[in-house]
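Engineer: Encoded as structure tokens, here's the structure I'll be asking about.
The values are calculated or read from the model by the stated rules, or taken from the named source; none is laboratory data. Keep in mind that this is a model prediction, so the values were computed, not measured. Here the Cβ positions follow ideal geometry from the backbone for every residue, glycine too, while neighbour counts run over all protein chains shown.
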Amino acid sequence: MLRASPGDALCLFDGDGQDYTAELLDTGRTARVRIHARSPNGTASPLRVTLVQAVSRGDRMDATVRQAVELGVSRIVPVRTRRSAVKLDADRAARRHAHWQGIVVSACEQSGRAHLPTLAPLADLADWLAAYEREASEGCVLVPGDERRLADVPHRPDREFVVLVGPESGLDDSEVAVALTTGLQPASLGPRILRTETAGPAALAVLQARHGDL
């Protein structure tokens, strides 16, 4: 809105999956617009992917959230793990969640998405694994060096697919073991070890290329 002037045409969205054509009437502390029409937005991916991402430091987590939204993620679940370098109390966790939510909105604007993916509250990985229902979805835990590639993990298009990504120093063996008992399958992204902020978006790109709309 900083460069917009009264009379300019706008395309608005409110997260409901629709685009709204509008005209800017005036600006100030708040802006007034006149909405003329709405139309379905066709950018939603047919693939439902949940990214369960161990929280990383500063702009690394910001980059993961932004790129995951651009790549069509359906839901993001930030988690604490045993090796997580980031320690957030309840107040700081709430502020970070609000910050990440702003990144979700701006990434939707940039990529043309009109439906906001869900950003879950920060949770402990153990709690999330305990609540994870294998019958409702399929998925994998990324394990560097595993012989199975993510592209080879079976996936039914009518089911949600979950990708669990560890922190900078990786998940510990006990966390991987518990993840496997829930039905998540071990998989890697090839022979190279990716940074945590790279692994999630790379996994989304692989899945979208195979099962989605890339």
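Engineer: Within the stretch 107-145, track down each residue that is assigned to a helix (DSSP H, G or I) and polar (S, T, N, Q).
Structural biologist: Filtering the stretch 107-145 down to residues assigned to a helix (DSSP H, G or I) leaves 107-111, 125-131, 134-136.
Of everything in the stretch 107-145, those that are assigned to a helix (DSSP H, G or I) and polar (S, T, N, Q) turn out to be Q110, S111.
Engineer: Say whether the condition of being at pLDDT below 90 and assigned to a loop (DSSP other than H, G, I, E, B) is met by at least one residue in the stretch 52-70.
Structural biologist: In the first step, residues of the stretch 52-70 are kept if they are at pLDDT below 90; the result is 57-58.
Filter again for assigned to a loop (DSSP other than H, G, I, E, B), leaving 57.
Within the stretch 52-70, one or more residues are at pLDDT below 90 and assigned to a loop (DSSP other than H, G, I, E, B).
Per-residue answers, yes or no, for (1) closer than 18 Å to Q208 by Cα; (2) of a type outside the set (V, I, T):
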position: S74; (1), (2): yes, yes
position: V86; (1), (2): no, no
position: G112; (1), (2): yes, yes
position: P144; (1), (2): no, yes
position: V162; (1), (2): yes, no
position: S169; (1), (2): no, yes
position: T182; (1), (2): no, no
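Engineer: Separate question: Within the stretch 70-92, how many residues are on the phi < 0 side of the Ramachandran plot and surrounded by 16 or more Cβ atoms within 10 Å (Cβ to Cβ)? Spell out how you get there, then give the answer.
Structural biologist: So the first thing to find is which residues in the stretch 70-92 are on the phi < 0 side of the Ramachandran plot, and the list is 70-71, 73-92.
Then drop every residue that is not surrounded by 16 or more Cβ atoms within 10 Å (Cβ to Cβ), which leaves 70-71, 73-81, 84, 86, 88.
The qualifying residues number 14.
Engineer: Mind listing whichever residues of the stretch 145-160 are modelled with pLDDT of 95 or more and under 19 Å from the mean Cα position of the chain (by Cα)?
Structural biologist: The one that is modelled with pLDDT of 95 or more and under 19 Å from the mean Cα position of the chain (by Cα): L150.
Engineer: Can you tell me which of (1) over 14 Å from I76 (Cα atoms); (2) surrounded by fewer than 13 Cβ atoms within 10 Å (Cβ to Cβ) is the one S137 doesn't meet?
Structural biologist: All conditions pass for S137, except number (2).
Engineer: Might you let me know whether the stretch 192-213 holds any residue that is buried (at least 18 other Cβ atoms within 10 Å of the Cβ), within 16 Å of the chain's Cα centre (by Cα), over 20 Å from R80 (Cβ atoms) and modelled with pLDDT under 90?
Structural biologist: yes
Engineer: Which of the residues belonging to the stretch 146-171 are part of a loop (DSSP other than H, G, I, E, B) and surrounded by 13 or more Cβ atoms within 10 Å (Cβ to Cβ)?
Structural biologist: From the stretch 146-171, those part of a loop (DSSP other than H, G, I, E, B) are 146-148, 153-159, 166-171; that's our starting set.
Answer for the stretch 146-171, where residues must be part of a loop (DSSP other than H, G, I, E, B) and surrounded by 13 or more Cβ atoms within 10 Å (Cβ to Cβ): D146, R148, V153, H155, R159, G166, P167, E168, S169, G170, L171.
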